[in-house]
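K.L.:
Would you mind keeping the following structure in view while I ask a few things?
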2 protein chains.
Amino acid sequence: MASLADISRRAGTSVATASRVLNGSTHPVSEATRARVMEAAADLGYQPSALARALVTRSSRIIGVIVNDIVDPYFAEIARGVEDVAGRSGHLVMVCNADHRVEAESKYVRALRDYHAEGLVFAGSGAPGDEANAQLAQDVEAARTRGGRVVCLAQRDFPGLHLGVDNVAVARDVTEHLIGLGHRRIAAVEGPPELYTSADRLAGFRVAMTAAGLDAGLVFAGGFDFEAGQAAARRMLDAGPLPDAVVGANDEAAIGVITGLRQAGVDVPGDVSVAGIDDTRPARFVDLTTVSLPLYDLGAAAARHIIEGAPADPLTLAHRVVPRGSTARRVG
Amino acid sequence: MASLADISRRAGTSVATASRVLNGSTHPVSEATRARVMEAAADLGYQPSALARALVTRSSRIIGVIVNDIVDPYFAEIARGVEDVAGRSGHLVMVCNADHRVEAESKYVRALRDYHAEGLVFAGSGAPGDEANAQLAQDVEAARTRGGRVVCLAQRDFPGLHLGVDNVAVARDVTEHLIGLGHRRIAAVEGPPELYTSADRLAGFRVAMTAAGLDAGLVFAGGFDFEAGQAAARRMLDAGPLPDAVVGANDEAAIGVITGLRQAGVDVPGDVSVAGIDDTRPARFVDLTTVSLPLYDLGAAAARHIIEGAPADPLTLAHRVVPRGSTARRVG
DNA sequence: TTGTAAGCGTTATCAG
DNA sequence: CTGATAACGCTTACAA
């Protein structure tokens with residue numbers, strides 16, 4: 001690979017001059033030498049070493065996105081948002097799959113810090129009980145001292161710009177929608193119990209139920225995946241009279257509930273209405289009523305904050321209930 | 001951040017010695033000094049600069065995965081495979097979303113080359129007609145000369161280890177499955193017309209139909225997404241008598257077909273059987289008959305080849321038809 | 001407007 | 001076993 005030294009030699013200039021024309025520096029360079037350098041660079045197919053540049057500028061144009069599960073479209077949508085705006089300014093995005101393990105997050109944070117990453121985006125929620133959190137907080141701190149900006153798109157226990165949706169309101173709104181359809185006996189399927197997001201959504205469910213004077217106690221253990229939803233449906237079927245409606249912890253869990261219910265011959269939405277949260281792609285596949293979250297925008301805003309230092313206003317982005325065919329008005 | 005110089009100063013050694021103990025070098029170092037260095041490193045919270053290291057070793061432990069659409073679970077599954085084995089050896093994975101644009105691929109290849117990426121994985125199929133291909137081939141070549149290994153998980157027009165599934169056989173097998181269920185009038189929904197993968201799958205459909213003495217001409221334009229499948233279903237409904245069965249270009253398109261058909265009151269699989277290809281997560285959500293592809297394994301094998309230079313044997317991985325509820329035996 | 005030279009934080013080559 | 005010292009490829013004062 002041709003280096004700056006090669007270019008300068010061929011153009012008959014110093015490396016400094018070559019560097020100046022090749023990296024939009026404001027330092028003045030005569031048109032003549034500029035042209036010679038450009039030509040030499042073209043001839044040799046020059047491509048700068050981002051590594052060397054990052055070493056001296058102490059910033060690498062790398063943005064790390066740490067997700068809980070790369071296969072989950074929730075995170076894919078966020079990553080897409082980050083990538084789209086990052087790509088525009090020549091930044092590179094690393095999507096790191098922590099697989100719901102806090103130690104894996106730590107590992108990635110260290111690796112990203114080693115590359116002097118310009119920013120870290122934590123797409124997923126924290127797990128307050130995990131003992132690896134102290135270590136993670138330390139690693140994040142180290143990354144910051146190396147100049148990395150930190151953005152959290154869900155609740156986290158370390159400093160950083162917190163930017164996201166109001167999960168309590170999200171769950172409250174979808175529950176209210178169900179209540180508005182005439183349902184009274186409404187169940188919630190909880191997300192992974194260790195996550196803040198699960199707790200928030202459950203709280204939102206309770207707020208809506210309590211405000212309507214309904215029993216907020218019908219809660220089933222669940223998770224964020226299809227299988228968890230199916231299992232919750234089975235437990236529901238065993239637990240006595242079916243609810244009028246169910247709020248899933250997220251879309252995939254809700255889809256699992258629908259599947260589990262239908263497998264047992266229950267009519268959805270005829271007998272039971274089911275709603276999810278997130279409005280990821282699969283929601284459309286099964287015509288699922290859900291809450292649309294600005295995932296792409298969240299990712300984009302995170303990237304903008306990292307790149308431009310933009311203050312990111314507002315900090316809480318709006319959501320919206322999307323009624324579809326998995327919920328229906330209560331009859332009888 | 002503490003640097004090697006800081007460590008050596010505190011430990012009373014040279015940077016060379018400090019470096020030797022801190023990066024599992026085989027060069028002998030006395031236990032006493034080793035201990036002093038270790039302690040100094042611990043005290044100062046030393047973390048090596050991957051940038052500086054990569055600059056001098058000329059290899060960065062970065063693996064780039066270039067995908068057509070990061071929201072597509074097909075690619076997510078592959079990325080997961082890459083990441084899992086890469087993570088074990090401290091490699092960092094960059095998932096780059098080219099959004100089906102060849103120029104975007106070029107852009108990412110250049111960026112990865114600038115970071116001296118150790119390997120590039122092209123997860124998606126090439127688009128032979130695109131004029132940006134020449135540029136891409138050039139960029140890939142440049143990345144190779146900088147020492148990057150290239151793996152293609154679908155057909156591509158530049159050199160690199162080609163590793164994948166036999167898409168012709170994949171489509172043939174699922175078509176034969178449909179034929180085995182007694183269907184005679186079978187339609188295919190084509191993928192994005194510009195991709196090799198689409199052409200291969202269509203060819204496989206034709207092979208099976210022709211071998212069975214059936215009409216292979218019932219082909220509808222489509223794509224790889226839900227909306228394309230729905231649109232194909234509408235065209236199918238307008239085109240006269242419905243087919244007995246449909247092979248979708250992939251799972252999402254097949255799900256679109258099912259949805260489109262059902263919206264028109266068609267019973268799937270009662271009236272029409274529908275099958276997909278890929279066996280991504282959503283296939284289970286809608287109980288879709290499909291072909292399971294070793295996506296995770298493909299990604300893992302690609303990573304192994306890049307990291308260990310393993311020859312990756314076999315080059316073509318096995319697939320398997322997975323019958324589910326969207327297909328049924330023909331009656332009457 | 002151009003050039004010189006001092007780093008950035010490592011690793012690697014050679015002497016000691 | 002240990003230590004200077006020269007790279008790696010680039011940016012950026014500081015001089016000229």
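K.L.:
Based on this model, can you work out whether residue B:45 counts as touching a Cys at 6+ places or on another chain (Cβ under 8 Å) and under 23 Å from residue A:64 (Cβ atoms)?
P.N.:
No: the conditions fail for residue B:45.
K.L.:
Inside region A:47-59, can you point out the residues that are facing chain B (nearest Cβ under 7 Å) and part of a loop (DSSP other than H, G, I, E, B)?
P.N.:
If the condition is that a residue be facing chain B (nearest Cβ under 7 Å) and part of a loop (DSSP other than H, G, I, E, B), then A:47, A:48, A:49 are the ones that fit.
K.L.:
Can you tell me which of B:207, B:257, B:274 is in a helix (DSSP H, G or I) and crowded, with 23+ Cβ neighbours inside 10 Å?
P.N.:
Just one listed residue meets the conditions, B:257.
K.L.:
Please determine, by comparing only the residues of region B:1-44 that are not small (Gly, Ala, Ser) and not in a helix (DSSP H, G or I), which one is nearest to residue A:145 (Cα to Cα).
P.N.:
B:1
K.L.:
From A:239, A:231, A:264, grab the single residue that is within 20 Å of residue A:202 (Cβ to Cβ) and in contact (Cβ under 8 Å) with a residue 24 or more places away in the chain.
P.N.:
A:231
K.L.:
Still on this structure, I have one more. If you go through region B:197-241, how many residues are within 25 Å of residue B:123 (Cα to Cα) and β-branched (Val, Ile, Thr)?
P.N.:
Here the count works out to 1.
K.L.:
Here is a further query. From the set of residues in region B:60-83 that are part of a helix (DSSP H, G or I) and facing chain A (nearest Cβ under 8 Å), which is nearest to residue A:105 (Cα to Cα)?
P.N.:
B:83
K.L.:
Here is a further query. Would you be able to tell me the number of residues in region B:108-131 that are more than 11 Å from chain A (Cβ to nearest Cβ) and of a type in the set (Phe, Trp, Tyr)?
P.N.:
1
K.L.:
Of all residues in region A:100-151, which are closer than 19 Å to residue A:200 by Cβ and among the aromatic types (Phe, Trp, Tyr)?
P.N.:
A:122
K.L.:
Also: Scan (1) within 14 Å of another protein chain (Cβ to nearest Cβ); (2) farther than 18 Å from residue A:90 by Cα; (3) near DNA strand D (Cβ under 8 Å from one of its atoms) for the single condition residue A:14 breaks and write down its number.
P.N.:
Checking residue A:14 against (1) within 14 Å of another protein chain (Cβ to nearest Cβ); (2) farther than 18 Å from residue A:90 by Cα; (3) near DNA strand D (Cβ under 8 Å from one of its atoms), the one that fails is (1).
K.L.:
What is the number of the single condition among (1) more than 8 Å from DNA strand D (Cβ to nearest atom); (2) crowded, with 17+ Cβ neighbours inside 10 Å that residue B:20 does not meet?
P.N.:
Failing condition for residue B:20: (1).
K.L.:
Among A:105, A:141, which is the only one that is crowded, with 24+ Cβ neighbours inside 10 Å and either more than 9 Å from chain B (Cβ to nearest Cβ) or over 23 Å from residue A:165 (Cβ atoms) (or both)?
P.N.:
The unique qualifying residue is A:105.
K.L.:
In region A:103-148, what count of residues is obtained for those that are of a type in the set (Val, Ile, Thr) and in contact with an Asp or Glu (Cβ under 6 Å, 6 or more places away or on another chain)?
P.N.:
Adding up the residues that qualify gives 1.
K.L.:
Show the residue pairs that are 6+ apart or on different chains and have beta-carbon atoms under 8 Å apart, the first residue being within region A:95-111 and closer than 22 Å to residue B:1 by Cα and in contact (Cβ under 8 Å) with a residue 40 or more places away in the chain, the second being part of a helix (DSSP H, G or I) and of a type in the set (Asp, Glu).
P.N.:
A:109/A:139
K.L.:
So residue B:134 ticks every box in (1) of a type in the set (A, V, I, L, M, F, W, C); (2) at the interface with another protein chain (Cβ under 10 Å from one of its Cβ atoms); (3) surrounded by fewer than 23 Cβ atoms within 10 Å (Cβ to Cβ) but one. Which box is left unticked?
P.N.:
For residue B:134, the exception is condition (2).
K.L.:
Given the conditions (1) within 12 Å of chain A (Cβ to nearest Cβ); (2) touching a helix residue (DSSP H, G or I) at 6+ places or on another chain (Cβ under 8 Å), which single one is not true for residue B:43?
P.N.:
(1)
K.L.:
Condition check: more than 26 Å from residue A:159 (Cα to Cα) and either more than 12 Å from DNA strand D (Cβ to nearest atom) or assigned by TED's automatic domain parsing to the domain that holds residue A:21 (or both). Does residue A:79 satisfy that?
P.N.:
Criteria not met by residue A:79.
Residue by residue, here is whether (1) within 23 Å of residue B:139 (Cα to Cα); (2) in contact (Cβ under 8 Å) with a residue 60 or more places away in the chain; (3) more than 7 Å from DNA strand C (Cβ to nearest atom); (4) not acidic (Asp, Glu) holds:
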residue: A:16; (1), (2), (3), (4): no, no, no, yes
residue: A:23; (1), (2), (3), (4): yes, no, yes, yes
residue: A:30; (1), (2), (3), (4): no, no, no, yes
residue: A:38; (1), (2), (3), (4): yes, no, yes, yes
residue: A:48; (1), (2), (3), (4): yes, no, yes, yes
residue: A:53; (1), (2), (3), (4): yes, no, yes, yes
residue: A:59; (1), (2), (3), (4): no, yes, yes, yes
residue: A:63; (1), (2), (3), (4): yes, yes, yes, yes
residue: A:67; (1), (2), (3), (4): no, no, yes, yes
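The values are calculated or read from the model by the stated rules, or taken from the named source; none is laboratory data. All values reported here derive from a predicted model rather than from experimental measurement. Heads up, the Cβs are rebuilt from the backbone with ideal geometry, glycines too, and the neighbour counts pull from every protein chain shown.
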